[in-house]
Amino acid sequence: MPPTGFIHLVVGYDGSPPASRALDAAARLMQGRQGRIVVVYVGHLSSTVMLSADAIAQMESDFDVIEQELRAQAAEQLKGLEQPWEFVRRQGPIGEELNSVAAGIHQEHPADTVAIVVGSSSNAAHRLLGSVAVNLARHAPVPLIIVP
């Protein structure tokens, strides 16, 4: 990434090891640069949960607790970062929501560099069904950085 100009890094974060690696990579990319990190947690309701109003209510409550935990983890992980960062919670399909956040930032700040940073998964099911990283590689409206 170019060392000049303001950089917005949108990091998909769910507390998993790949997400933690992505957040660490984003912090390293910010060294010596002007910019901010937008840590995005996407609560995703499965199609099974969507069939029950009670299950949706329970998951919404769970998402609130998870959000607080992830916000604290991200704060700990980004301790000492000179650049500002923020934590955003979205709900929906993960790839679509990360794209939406990045596109919104790009629209608000067209002269700035915007990129999405995600960790890659070694989960066998992701290789068969497609991971968030693969989905983003096909549809991201901004540059994508996939951290191994």
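Every number in this text was worked out from the coordinates using simple rules, so none of it is lab data. None of these values were measured; they are calculated from a predicted model.
For the reader, a short list of remarks on this structure follows.
- Distant-in-sequence amide contacts of I145, defined by a placed amide H-H separation under 5 Å and a gap of 5 or more residues or a different chain, comprise I116, V117, V118.
- Sequence-distant residues sharing a close amide H with R90 (under 5 Å, placed H): Y41, V42, G43
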